[in-house]
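The values are calculated or read from the model by the stated rules, or taken from the named source; none is laboratory data. This structure is a prediction, so every number in the text was calculated from the model and none was measured. Cβ placement follows ideal geometry from the backbone for every residue including glycine, while neighbour counts extend to all protein chains displayed. The area values use the complete protein model at the heavy-atom level, side chains included, leaving out ligands, DNA and RNA. Shrake-Rupley method; radii C 1.70, N 1.55, O 1.52, S 1.80 Å.
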Amino acid sequence: MKKKIYNITLLILRKIVDPLLLKNRNKVVLYSSTGVLDANLECVKAYLYFYYPNIKVVVLKGKIKNNSQKIICFLYTFFTSYYVIVDHAIPRFITNNKREIYNVWHGIPLKTIRHFDQKRFTGGFLDFESQNLTGLVCSSPLDKGVMAACFNVPTSKCILSGLPRADLLESNGLEWFTDHQEQELIKDLNGRKLISWMPTYRGTWEELNEITAFSYEEEVLMSEFLKRNNAVLGVRPHKFSKLQPLLLLEENNLLVNLEKYMITNTLLKHTQVLITDYSSVWLDYSLISKNICLYLFDAQEYDDERGMIYPLEEVVTGEISYDFTQLLFSLNKMIEIDSTQKIQPSKLFFKYNDACNTKRFVEHMLNKNT
């Protein structure tokens with residue numbers, strides 16, 4: 001009964017209330033349904049603040065409990081905004097009637113998503129997302145085709161701007177963006193090399209499963225490797241998971257918790273070697289380094305659970321390890337490689353490498369109706 005009332009309320013809001021209110025073309029809502037603002041939205045926010053001070057930018061997040069007054073303000077902000085930009089899902093109380101809704105997503109998909117992974121979603125959810133998208137950010141012609149299929153939208157709705165967050169990897173920094181946590185990270189590292197462990201989640205986003213990738217014996221070997229190379233292991237779980245405790249590394253001051261740092265790409269700028277798995281974070285990192293280790297310790301189990309869009313062994317810029325021995329071999333090889341060497345990113349995934357992705361997206365959005 002409660003679900004029925006909820007669905008009726010959403011229908012009234014989007015079919016009756018929302019269309020009645022005038023939309024302000026100088027108002028942009030940045031919305032994160034997960035409650036955590038993705039770096040793509042952070043980039044759009046900073047760019048608009050810097051170059052378009054006449055535009056009102058409002059950040060709104062899902063999964064936050066509010067009282068009745070705040071809920072009304074929350075809804076009114078949406079209903080009066082002409083531009084809505086999301087990084088995941090569109091709120092069910094608005095449509096693209098009399099407004100534009102853009103999705104900057106949160107990475108180049110490697111895993112099956114949306115219409116490629118229909119068992120995880122209802123038909124109603126998928127149809128609503130497809131029907132109400134004005135534009136979808138993409139990174140390359142190949143990515144454009146994949147994203148169009150994943151979201152079941154025509155390629156004409158796919159904006160080949162590149163992902164905004166890739167701009168943050170610019171070694172000389174950006175005039176319009178400052179990560180105030182970067183100096184704190186440099187202080188935390190204290191001259192040590194950063195080996196970053198950034199796996200994706202398992203199961204569903206609601207389960208918050210723990211990722212257990214290393215045995216105690218493997219942790220001992222990792223400790224020896226880090227001490228030998230003046231390095232630390234930085235751990236950053238996906239927002240839908242948690243990582244196993246690594247007590248030995250922690251006791252020996254060889255572990256850095258990267259969760260407190262909001263911008264992943266700032267961490268990548270200071271990473272000597274990246275360890276990940278099925279996450280697309282390695283694609284971001286491949287713009288600046290080839291020191292990439294994909295640690296697929298549960299490859300068979302994960303493939304049965306999700307499946308991949310691309311065969312990783314054919315597209316990865318780096319090396320794949322299926323056990324710790326292979327991983328340690330790769331780490332020993334990569335720890336000495338100059339991480340500042342000039343990199344030529346894969347044309348499969350990147351059309352641009354010029355730190356102008358955010359500019360292309362924002363100017364496409366704002367100039368579309370001029």
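A few points about this structure:
- Per-residue SASA remark: H364, around 80 Å² accessible (1.4 Å probe; ligands, DNA and RNA not included).
- Computed from backbone phi, the HN-Hα couplings of the range 76-92 come to 4, 4, 4, 5, 9, 9, 7, 10, 10, 10, 10, 10, 8, 10, 7, x, 7 Hz, rounded to whole numbers (Karplus: 6.51 cos²θ - 1.76 cosθ + 1.60, θ = phi - 60°; Gly and Pro given as x).
- Among V315, V28, V86, residue whose mean-square fluctuation peaks in a GNM of the chain (springs only between Cα atoms under 10 Å): V315
- Remark on G62: its backbone amide H falls under 5 Å from those of S32, S33, T34, G35, a criterion applied only to residues 5 or more positions apart or on other chains, H modelled at 1.01 Å from N.
- Average accessible area per residue (Å²) across the chain - probe 1.4 Å, nucleic acids and ligands excluded: 47 Å²
- Close amide H pairs (under 5 Å, H built 1.01 Å from N) link A213 with Q244, residues at least 5 positions away or on another chain.
- Percent RCO, i.e. relative contact order, over the chain, from Cα pairs under 8 Å lying at least 6 residues apart: 17 percent
- 3J(HN,Hα) couplings calculated from phi for the range 174-187 with the Karplus curve 6.51 cos²θ - 1.76 cosθ + 1.60 (θ = phi - 60°) are, in sequence order, 10, 5, 9, 9, 10, 9, 5, 8, 4, 5, 5, 4, 4, 5 Hz; Gly and Pro show x.
- Computed over the chain with a Gaussian network model linking Cα atoms closer than 10 Å, the most mobile of V58, V273, V29 is V58.
- On Cα atoms only, tilt of 39-51 relative to the major axis of the chain in degrees: 60 degrees
- Extension gain, K15 back to Y51 (0.36 nm per residue minus Cα-Cα distance, nm): 9.5 nm
- Computed on the Cα atoms alone, the convex hull of the range 229-299 gives a volume of 114 cubic angstrom per residue.
- For W176, the accessible surface of its heavy atoms amounts to roughly 30 Å² (probe 1.4 Å, protein chains only, rounded to the nearest 10).
- Taking each DSSP H run with n ≥ 4 as -39500 (n - 2.57) and averaging over every residue of the chain yields -9500 deg cm²/dmol at 222 nm.
- Dipole magnitude for the chain: computed about the Cα centre from +1 point charges on Lys and Arg Cβ and -1 point charges on Asp and Glu Cβ, it is near 2300 debye.
- Of all DSSP beta bridges confined to the chain, the antiparallel ones make up roughly 5%.
- Solvent-accessible area of the chain (1.4 angstrom probe, protein heavy atoms only): carbon and sulfur portion equals 53 percent.
- Taking amide hydrogens as placed 1.01 Å from N in the peptide plane, the amide H of G234 sits under 5 Å from those of I195, S196, W197, V256, each at least 5 positions away in sequence or on another chain.
- In sequence order, calculated HN-Hα J values of the range 149-159 (Karplus, 6.51, -1.76, 1.60; Hz; x Gly/Pro): 5, 4, 9, 6, 10, x, 4, 5, 8, 8, 9
- Gyration tensor (alpha-carbon) shape descriptor, the chain, a/c threshold 1.5: prolate
- For the pair L22 and E217 in one chain, pulling the backbone fully straight at 0.36 nm per residue adds 63.9 nm over the alpha carbon distance.
- Principal axis dimensions, the range 60-164 - Cα atoms, whole angstrom, descending: 45, 29, 23
- Entries in K260/K347; K65/K157; K63/K260; K269/K359; K3/K157; K193/K342 that, when Cα-Cα distance is taken, lie over 25 Å: K260/K347; K65/K157; K3/K157
- Note on exposure: T134, T325, T358 ranked by accessible area (1.4 Å probe, complete protein assembly) read T325, T134, T358, with the most exposed listed first.
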